[in-house]
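Everything below concerns the one structure shown next.
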């Protein structure tokens, strides 16, 4: 009887022993009205479900510029950023003049943003030139949207002196347009995005079409821009295809991340890509081929190991 009681007590003790603690990973994304946050959440679920010993969480941030700093300081383990912002951080140029972040490394490229310049139809705004003298949201502070907006405007002879700039995140921009507090707003985001979708359900919107000359000027000023098409039908009332500027989004980690972990994340992401695609259609662009063609900085050695293992053709400039 004593033996039975002892065994029972032992069983209770063993049940009370906590599970081995999981290492927490932070994924820096953007605001909830864009694509970074759901993509980061989808990646977190992939990590949680397929990499033993790790638990990941998507964090709301100011997006690209802020995210590079978070990785550099170790306050985020992974981050999503626009290719031009990532390239500037790595080289210490543009917004990162004098504060180069040589420790950032690419895990892969996820999808291409489309720069969408939105106004209400009632505003009468139909061109980039019409933004002069208007109240314009250029994106949240520390966002890649503001980097893109500034590049497009400056390449076409428009500065912040020519507009009343507002620095609002995507949801704030949509709300301010709906309320008449601003006249136009920039989004650099995958399409469709929830904040514009919601705006277009209750308001008649226009997406400003840049001229061929304006597109070419922006692409010449920033080589990470590509000219692409926003398909008609993404948003209520926007039925025609619109030529826009596109820019890749890059998943970034620190060179301090272990090679084994970076390898495991890269492998889990691509082997379970359907999980990401179920979260947002932008992940349909998340391919090895896109990574090889669109990534602006060297790959993390752990990610590189995965790409070599599957036989990908890796450009020399992506090797650390």
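At-a-glance table
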read-out	value
Residue 282 buried (at least 20 other Cβ atoms within 10 Å of the Cβ), touching a helix residue (DSSP H, G or I) at 6+ places or on another chain (Cβ under 7 Å) and in a helix (DSSP H, G or I)	yes
Any hit, region 236-247, residues being surrounded by 13 or more Cβ atoms within 10 Å (Cβ to Cβ) and closer than 25 Å to residue 27 by Cα	yes
Filter pass, residue 276 being more than 20 Å from residue 39 (Cβ to Cβ), at pLDDT 95 or above and part of a helix (DSSP H, G or I)	no
Residue 142 being in contact with a helix residue (DSSP H, G or I) (Cβ under 6 Å, 6 or more places away or on another chain) and assigned to a loop (DSSP other than H, G, I, E, B)	yes
Filtered residues of region 300-320 (kept if under 14 Å from residue 264 (Cα atoms) and either crowded, with 16+ Cβ neighbours inside 10 Å or in contact with a strand residue (DSSP E or B) (Cβ under 7 Å, 6 or more places away or on another chain) (or both))	300, 301, 302, 303, 304, 305, 306, 307
Restricting region 37-72 to residues that are out of contact with any helix residue (DSSP H, G or I) (no Cβ under 8 Å at 6 or more places or on another chain) and under 21 Å from residue 264 (Cα atoms), the residue that is surrounded by the fewest Cβ atoms within 10 Å (Cβ to Cβ)	52
Residue list for region 193-203, restricted to those being surrounded by 21 or more Cβ atoms within 10 Å (Cβ to Cβ) and not in a helix (DSSP H, G or I)	193
Scan of region 204-235 for residues that are part of a loop (DSSP other than H, G, I, E, B), buried (at least 17 other Cβ atoms within 10 Å of the Cβ) and either at pLDDT 95 or above or over 23 Å from the mean Cα position of the chain (by Cα) (or both), ordered by number	208, 209, 210
Sole residue being within 26 Å of residue 223 (Cβ to Cβ), touching a residue at least 12 places away in the same chain (Cβ under 8 Å) and in contact with a strand residue (DSSP E or B) (Cβ under 8 Å, 6 or more places away or on another chain), chosen from 154, 166, 209	209
Some residue of region 252-265 being closer than 17 Å to residue 117 by Cα and buried (at least 19 other Cβ atoms within 10 Å of the Cβ)	no
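The values are calculated or read from the model by the stated rules, or taken from the named source; none is laboratory data. Fair warning: this is a prediction, and the values are worked out from it, not measured in the lab. Note that each Cβ is placed from the backbone with ideal geometry, even for glycine, and that neighbours are counted across all protein chains shown.
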